[in-house]
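Chemist: One structure, pasted below without further comment.
The values are calculated or read from the model by the stated rules, or taken from the named source; none is laboratory data. It should be emphasised that the depicted structure is a prediction, and the values quoted were computed from it without experimental measurement. Cβ placement follows ideal geometry from the backbone for every residue including glycine, while neighbour counts extend to all protein chains displayed. SASA here: full protein model, heavy atoms, side chains in, ligands and nucleic acids out. Shrake-Rupley method; radii C 1.70, N 1.55, O 1.52, S 1.80 Å.
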Amino acid sequence: MLLLFLLFEGLCCPRENTAAPQALQSYRPAAEDPLSFRMLQISSFANHSWAHSEGSGWLGDLQTHGWDTVTGTIRFLKPWSHGNFSKQELKNLQSLFQLYFNGFVRIVQASAGPFQLELKPEAWLSRGPSPGPGRLQLVCHVSGFYPKPVWVMWMRGEQEQRGTQRGDILPNADETWYLRATLDVAAGEAAGLSCRVKHSSIEGHDLIIHWGGYSIFLILICLIVIVNLVILVVVHSRLKKQSPVFPMGANTQDTNNSRHHFCLAQVSWIKNRFLKWKTRLNQLS
């Protein structure tokens, strides 16, 4: 508010009889309309390391000032936009604006985490149409990233695969971007390949997905689950056959107690099997 008051005072309340205030008179609204000076700010935050701010000053419907984000200086769009400020006053005012814009960006970026303002990309792999007998087309999909610049490459260890083909960067419905990168290889050479993604939103933490790594892991999990389910069914059927047969006229309380202990034994056995299965999964991961 102080910056707005100072700039408005300099533009509309001349202290000296200079040509600039006289030129300003021709742009004044009609006498019955109030004179207003507005300052607008638009700040864009793509992630924790990228931000862009724009500023403008308006006298009524006429834009008189802008803000150069590259040099951090005020742009005077009209010959009389300097008002009656001295060079030193303009320099001080410009420094205040620089301090404000820098501080505003830091505060918003520091608060981005709780508000989940970051767009981090997601990536997944698939197999494309076969390029020929005995060959595979590996496809790396990258989606949900912003801003637009992104680096995607198929890798073998730390060696870039120069045969990587990047498609066009396409827009998503939520105004983020999508890209796919393909690599044609012989079927026996796919093992050991990975897709690496570099983006400003995950700076210092490249996204790496290994071809075939997750499929083998899922197969092992499925096999373990199937084997344990079969064991559960077999053991349950055996326990059911071995369940005690209570004669007619037996004490009801004794019968209930026996059934209760039998059920507890079944639950304990299932629990132990589940713990062993969980331990195996932890060892595989």
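Chemist: Cβ contacts < 6 Å: first residue without any contact (Cβ under 8 Å) to a residue 40 or more places away in the chain, restricted to the range 145-162; second residue assigned to a strand (DSSP E or B) and open to solvent by 40 Å² or more (accessible area, probe 1.4 Å), any location; separation 6+ or different chain. Result?
Modeler: Final answer for the pair search is K148/W177.
Chemist: Residues of the range 84-98 being part of a helix (DSSP H, G or I) and small (G, A, S), which ones?
Modeler: Passing the criteria: only S95.
Chemist: Which residues, taken from the range 70-85, are within 25 Å of S36 (Cβ to Cβ) and not aliphatic (A, V, I, L, M)?
Modeler: Across the range 70-85, the qualifying residues are T73, R75, F76, K78, P79, W80, S81, H82, G83, N84, F85.
Chemist: Can you say whether V142 is in a strand (DSSP E or B) and β-branched (V, I, T), as far as the supplied structure shows? Let's see the steps before the verdict.
Modeler: Details: in a strand (DSSP E or B): yes; β-branched (V, I, T): yes.
Considered against the rule, which asks whether it is in a strand (DSSP E or B) and β-branched (V, I, T), V142 comes out as yes.
Chemist: For a quick check of your reading of the model, give me the residue pairs whose first member lies in the range 120-134 and is on the phi > 0 side of the Ramachandran plot, whose second is not basic (K, R), with beta-carbon atoms closer than 6 Å and at least 6 apart or on different chains.
Modeler: Close Cβ pairs (under 6 Å, with a partner that is not basic (K, R)) amount to G134/A187.
Chemist: Taking the conditions exactly as written (in contact (Cβ under 8 Å) with a residue 40 or more places away in the chain, closer than 19 Å to I202 by Cβ, open to solvent by less than 50 Å² (accessible area, probe 1.4 Å) and in contact with a strand residue (DSSP E or B) (Cβ under 9 Å, 6 or more places away or on another chain)), does T176 satisfy them or not?
Modeler: yes
Chemist: Looking only at residues that are closer than 14 Å to G157 by Cβ and not β-branched (V, I, T) in the range 191-209, which one is nearest to the chain's Cα centre (by Cα)?
Modeler: So, considering only residues that are closer than 14 Å to G157 by Cβ and not β-branched (V, I, T), the one nearest to the chain's Cα centre (by Cα) is D206.
Chemist: Which pairs do you get when a residue that is within 17 Å of E54 (Cβ to Cβ) and open to solvent by 60 Å² or more (accessible area, probe 1.4 Å), found in the range 88-114, comes within reach of a residue that is modelled with pLDDT of 85 or more and part of a helix (DSSP H, G or I), reach meaning Cβ atoms under 6 angstrom, with the pair 6+ apart or on two chains?
Modeler: none
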